[in-house]
There are 2 protein chains.
Amino acid sequence: MAATLADVAAHAKVSPATVSRVLNGNYPVSEATRARVLRAVEELDYVLNGPASALAAAASNLVGILVNDIADPFFGIMAGAIQSEISSGHAGAGAGAAGEKLAVVCNTGGSPERELMYLTLLQRQRAAAVVLTGGALESPEHVAAVSAKLRRLAAAGTRVVLCGRPPLPAPEPDTSAGSRAKKGRGGADRGTATAHTETASPAITLAFDNRGGAQRLTEHLLALGHRRIGYITGPAERTTTRHRLEGHRAALEAQGLRDDTETERLTVYGSYGRTAGYDAALELLRRSPDLTAIVAANDTIALGACAALRDRGLSIPQDVSVAGFDDLPFSMDAVPALTTMRLPLAEAGARAGRLALDRETPPPGGVTTIRAELMARASTAPVALRPV
Amino acid sequence: MAATLADVAAHAKVSPATVSRVLNGNYPVSEATRARVLRAVEELDYVLNGPASALAAAASNLVGILVNDIADPFFGIMAGAIQSEISSGHAGAGAGAAGEKLAVVCNTGGSPERELMYLTLLQRQRAAAVVLTGGALESPEHVAAVSAKLRRLAAAGTRVVLCGRPPLPAPEPDTSAGSRAKKGRGGADRGTATAHTETASPAITLAFDNRGGAQRLTEHLLALGHRRIGYITGPAERTTTRHRLEGHRAALEAQGLRDDTETERLTVYGSYGRTAGYDAALELLRRSPDLTAIVAANDTIALGACAALRDRGLSIPQDVSVAGFDDLPFSMDAVPALTTMRLPLAEAGARAGRLALDRETPPPGGVTTIRAELMARASTAPVALRPV
DNA sequence: CTGTTAGCGCCTTCAT
DNA sequence: ATGAAGGCGCTAACAG
């Protein structure tokens, strides 16, 4: 039904090879024939057959972006930045210029099965690159499964970049016959590029300093005089959740406030999402009516917590200070404006996109950590002098 | 480098065809050989070559979802619903079960070039289906270009569904010889499926009743006694913007309030986004300090407007009532909770996903309109009796 | 139920 | 600068 390259060739009275060359632009073609071919393409409404092309060239132009929750702006902002970095969308040359990549985002919904499924599907398509965004699940089997899959993808030539996610764990040392066999000639190629590639991580990582950021945030509250600080976590099985909680507790310890049972009592385990934040804040108030501040694992939770406090007749920050994390756009508009840690999501995404396209040199060691910046706003204030 | 189907066949001592059959599961294979093949697949770490498969079968498993702004939850919610409807992500059967579709979202960023580019890229991939979400651009050339492209996609077997977007314009009447030639035997196949298909729109449409919704929202304000109502639009070139504005004005007219210059004075043209809402509200206040209500084209704008009002020392709803549109999750948490029109984004998305998979029968005529529901909350109140 | 035989549409040496 | 030819890896008739 649809026109093929051969049809175009016939129409333009050239060989299929020539048509292929003008379409891919990677080869000299005389201006006259090029024009003729292009006209034939127009007239026949010809559209390149992607699968056929990918098969023959053993390479596709698909770039996959995995996100945990597409309805969450945290991911939307990163994904948008990655995608726009990849699809220049330059006008001219007609839509679908040669070499244009198809950057697509896949929503795992936080499900390990779907994450693996998408990775497999992308592997099937021989994707040019894969970008995984946001926190990873910590279950050992899943980490192993994902690492293995990423290693295979990388081995097949797919570039893998992690954006806002901690580095992959090092693969367990391989003591099999295969690696021992190589030892014999080890000295010969020590230090060569090949040797390096073999041991390098398959992924380039742009990690967020969640732990450090969380620590600085809690230090901010401590500096304001707060001592009874409630903490609302995200989903337990996520690296992001754990790192932020660790940072919070590190700040407490540094201050000499390490009463483990008390700390545990002031921690409510929730999930990302405003409802979770709402409920968790109520629970915190129940457990410890005299707390003076609440730190949430992210901005969305923090806003839910604010709603709960208001419903309880408490005012922010006079009665209770509240802080979030991420600095999503709406945080600035909250009433009062939310104190939070800003993560440069768009910048990180853009950089991840460039890395995926091999248009930027990777950081030394393949891993960079991106700092979070404290945005002290109206939702936090010095602890009030009020009767306990 | 990577194992091929032939490798698996050799390893399992069967023919390539048999391997293909167990992988696709669309053909009877004895339990014994199936197991043998599956084991070979495991041992060789075999992953189907998507492009090759798509080429041979002349069909791919890609489903594209186009969104205008991936960082906007309006689109994120719809896209997530579509995607989860399409990728069952059922555990078991191992990741990447047969027949699993790869649902991917593409962010146009509201750019017509990118919209066309993605459509072309998807056409190249011979996508199984394409879902376009949200308002369309109104520029005649662009509408024509998109329509033409969608018609071609549909002709090539790609299912096209519009979700939260108005129906495609009917193609200009074709008076060419081809269509006239058919007239001769018109009576014979009148009413047959074929005849219907020929004239049917290439796309199935799930439209939102933006006009009606906007009208009911403004009626709500009128019923509260408001007469000087400011309106903040979205980007001018979008259908959504126009329809909502039309609905607003229709309500005004029905009430007999059709002073065109006054209406125009109370309308500020902006863009989606909180900053635009903030600025627009300030402008409205400047033009008409005595207004008692502001209606925004969507929730995000409305929240920006709220911030501006607060900064001006006005309280909501005592001094000014504010209303939005869409009922995004954060609207409920705003202070005060935002009155808005709820659009069933997730439901619409799920339905669009099913339609794209041909798992639900399309509405008669191929078009359905989905109503918006008024969520009257605390940001709107009866107009106060205060000195003008 | 399983093997054999042709392509699917394009890219890519190799000639010219 | 252009043409000819082979094959990328898989599926889809056909046989058996």
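FYI, it's all coordinate maths here, none of it is from the lab. No experiment lies behind these values; they were computed from the predicted model shown. Note that each Cβ is placed from the backbone with ideal geometry, even for glycine, and that neighbours are counted across all protein chains shown.
Some points to look at:
- Among A:Val63, A:Val335, A:Val322, residue whose mean-square fluctuation peaks in a GNM of chain A (springs only between Cα atoms under 10 Å): A:Val335
- Neighbour counts of other Cβ atoms within 10 Å put B:Tyr46, A:Tyr27, A:Tyr231 in the fewest-to-most order A:Tyr27, B:Tyr46, A:Tyr231.
- Peptide B:59-69 - average C-beta neighbours from other chains (10 Å radius): 2
- Order of B:Arg244, B:Arg286, B:Arg159 - criterion: other Cβ atoms within 10 Å of each residue's Cβ, fewest first: B:Arg286, B:Arg159, B:Arg244
- Remark: label point of B:Arg265 defined 7 Å out from Cα along the Cα-Cβ vector; separations to the same position in other copies 6.4 nm, ascending.
- Compared with the dominant Cα axis of chain A, that is its longest principal axis, helix A:239-254 is turned about 40°.
- Taking the C-alpha atoms only, the angle from helix A:345-356 to the longest principal axis of chain A is near 30 degrees.
- Proximity of backbone amide H atoms, modeled 1.01 Å from N, is registered between A:Val367 and A:Thr205 at under 5 Å, excluding neighbours fewer than 5 places apart on the same chain.
- Total formal charge among the other residues, if their Cβ is under 10 angstrom from that of A:Arg354, Lys/Arg +1 and Asp/Glu -1: -1
- Max mean-square fluctuation residue, GNM over chain B, Cα-Cα springs under 10 Å, options B:Ser321, B:Ser60, B:Ser15: B:Ser15
- The Cα atoms of segment A:205-327 give a gyration tensor whose axes a ≥ b ≥ c have a/c of 1.5 or more with a/b no greater than b/c, which makes the shape oblate.
- Anisotropy class of the protein assembly as shown from Cα gyration tensor, a/c 1.5 cut: oblate
- Shortest-first distances to equivalent copies, position B:Pro28, nm, label 7 Å out along Cβ: 6.2
- Proximal charge balance of B:Val268 [Cβ under 12 Å; K/R count +1, D/E count -1]: 0
- Label 7 Å beyond Cα on the Cβ vector: B:Ala10 copy-to-copy distances, nm: 3.8
- A simple count of charges around B:Leu44, restricted to other residues whose Cβ falls under 13 Å of its Cβ and scoring Lys, Arg +1 and Asp, Glu -1, yields -1.
- FRET efficiency for the B:Ala35 to A:Ala144 pair, using the beta carbon distance and R₀ = 30 Å, is estimated at 0.75.
- Calculated SAXS-style log₁₀ I(q)/I(0) at q = 0.08, 0.14 Å⁻¹ - chain A, Debye, Cα scatterers: -0.55, -1.13
- Selected from A:Gly25, A:Gly225, A:Gly110 as most flexible by GNM, with chain A as the system and alpha-carbon contacts under 10 Å: A:Gly25
- Taking B:Met78, B:Met341, B:Met332 and counting other C-beta atoms within 10 Å, the order from fewest to most: B:Met332, B:Met341, B:Met78
- Selection from A:Leu38, A:Gln215, A:Ser271, by position along the positive dipole direction of chain A (Cβ): A:Leu38
- Once the Cα atoms are used to define both axes, helix A:112-124 deviates from the longest principal axis of chain A by about 20 degrees.
- Close Lys-Lys pairs in the protein assembly as shown, where close means Cα under 23 Å and separation is 8 or more or interchain: 5
- Helical runs assigned H by DSSP (4 residues or longer) give the protein assembly as shown a calculated mean residue ellipticity at 222 nm of -13500 deg cm²/dmol, each run adding -39500 (n - 2.57) before division by the residue total.
- Chain B, rotation onto A, residue closest to that axis via Cβ, with its distance in Å: B:Val104, 2
- Average other protein chain Cβ within 10 Å of Cβ, residues A:122-130: 5
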